[in-house]
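Working notes, structure below.
The values are calculated or read from the model by the stated rules, or taken from the named source; none is laboratory data. Only a predicted model underlies this, so the values are computations on that prediction, with no experimental measurement involved. Cβ coordinates were reconstructed from backbone atoms using ideal geometry, including for glycine residues, and neighbour counts include every protein chain displayed. To get the accessible areas, we keep the full protein, side chains included, count just its heavy atoms, and leave off ligands, DNA and RNA. Shrake-Rupley method; radii C 1.70, N 1.55, O 1.52, S 1.80 Å.
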Amino acid sequence: MLCRLKRLVIASALPLFLLTPAAHAADLVVSAAASLTNAFKELGQSFEAQNPDTKVLFNFAASDVLLQQIIKGAPADVFASADQEAMNKAEAEKAVQPASRKNFANNQIVLIVPADSQLHITQLQDLTQAAVKRVAYGNPASVPVGRYTKAALEHANLWDAVAAKGVPAQNVRQSLDYVARGEVEAGFVFSTDAAVMPDKVKVAVRVPSQTPVSYPIAVTSDTKQTEMAAKFVAYVLSPVGQATLARYGFLKP
């Protein structure tokens with residue numbers, strides 16, 4: 001009877017034992033700029049395929065917002081920013097490991113309008129016409145695309161005129177949504193964002209940037225998975241990672 005009881009206990013425990021490895025699969029948290037959403041989701045899936053014991057969890061938002069979350073203790077193993085300024089702040093706050101910092105992609109600022117827009121906008125100066133009442137752009141105080149936009153408009157002596165019509169967005173995807181829904185006459189986004197909704201928006205002007213629109217990535221200082229985080233960074237920089245980014249319109253760093 002006792003032997004039979006032992007066999008029953010072992011048999012009932014077996015399914016739990018078999019499930020244990022999956023239950024303890026490691027989570028790798030990647031905080032990335034909103035403009036990286038589509039490309040990084042694909043990168044995450046392919047990275048998981050090569051590292052089946054790791055689950056990549058993404059947190060997408062404006063770069064400065066992500067940085068503040070990391071500084072305040074939010075879990076993150078990797079930080080990918082849409083500009084150098086946010087990453088410089090991360091280094092200054094000792095939120096990332098400086099030696100792990102790498103530039104992995106470039107982008108371009110574009111001015112977009114709704115796909116069915118009848119307005120004649122072919123240059124930045126056209127934003128001053130009376131028919132343009134609202135212009136969306138990322139908040140320069142916290143959103144990289146907003147900083148790039150402000151610099152370009154200041155260079156063209158148009159910042160004050162456009163800011164008077166401005167509809168600040170919390171991140172670049174919100175700016176894209178404003179234009180796609182026709183809530184504004186025009187908006188500034190990255191070219192990769194415009195490519196996400198080709199049926200709803202069209203590029204009116206490719207905006208020259210005063211500084212390269214470059215994306216840095218780094219391992220965070222508080223990560224408990226330094227090796228896997230570094231592996232993800234290396235994967236983004238690998239030929240496979242770069243090819244994935246290129247498919248979504250990103251340029252080589």
Which of Lys202/Lys252; Lys72/Lys150; Lys133/Lys202; Lys150/Lys231; Lys89/Lys150; Lys72/Lys252 have a Cα-Cα distance over 26 Å?
Lys72/Lys150; Lys150/Lys231; Lys72/Lys252
When 1/r is averaged over all different Cα pairs and the result inverted, which Kirkwood radius in Å belongs to region 18-161?
17.8
Given a 1.4 angstrom probe, I'd like the percentage of the accessible area of the chain that is carbon and sulfur, rounded to a whole number.
57
Would you report the distance distribution of C-alpha pairs in the chain as whole percents per 5 angstrom bin, up to the bin with the largest distance?
1, 6, 13, 16, 16, 13, 10, 8, 5, 4, 2, 2, 2, 1, 1, 1, 0, 0, 0
Once you have the Cα-Cα distance between Ala161 and Lys55, take 0.36 nm times their residue separation minus that, and quote the gain in nm to one decimal.
33.5 nm
In the chain, which whole DSSP H runs stretch at least 27 Å along their own axis (Cα) and average 1.0 or higher on the Kyte-Doolittle scale?
2-23
Considering all projection directions equally, how large on average is the shadow of the alpha-carbon convex hull of region 148-213, in square nanometres?
4.4
Starting from the eigenvalues of the Cα gyration tensor, five times each then square-rooted, give me the equivalent ellipsoid semi-axes of region 117-253, largest first, whole Å.
32, 16, 14
Within the under-12-Å Cβ sphere about Met197, not counting Met197, Lys/Arg +1 and Asp/Glu -1 give a net charge of +1
So, for region 40-111, what is the accessible surface per residue at a probe of 1.4 Å, expressed in square angstrom?
45
Set of region 144-174 residues, backbone N closer than 16 Å to the point 7 Å along the Cα-Cβ line of Leu251
145, 148-149, 152
How much net charge surrounds Gly44 when only the other residues with a Cβ under 14 Å from the Cβ of Gly44 are counted, with Lys and Arg +1 and Asp and Glu -1?
-1
Give the relative contact order (percent, whole number) for the chain; include only Cα pairs under 8 Å separated by 6+ residues.
28
Compute, for the chain, the length of the dipole vector about the Cα centre, with Cβ point charges of +1 (Lys, Arg) and -1 (Asp, Glu) only. Units Debye, rounded to 20.
680
How would you rank 162-171, 85-94, 116-125, highest first, on the average number of other Cβ atoms within 10 Å across their residues?
162-171, 85-94, 116-125
In nm², what is the average projected area of the convex hull enclosing the Cα atoms of region 124-168?
2.7
Please compute, over every Cα-Cα pair in region 96-184, the percentage with a separation greater than 14 angstrom.
68
Per the Kirkwood definition applied to all pairs of different Cα atoms, how many angstroms is the hydrodynamic radius of region 185-251?
14.6
Enter the Cα centre distance for the pair region 236-252 and region 72-120, rounded to the nearest angstrom.
16
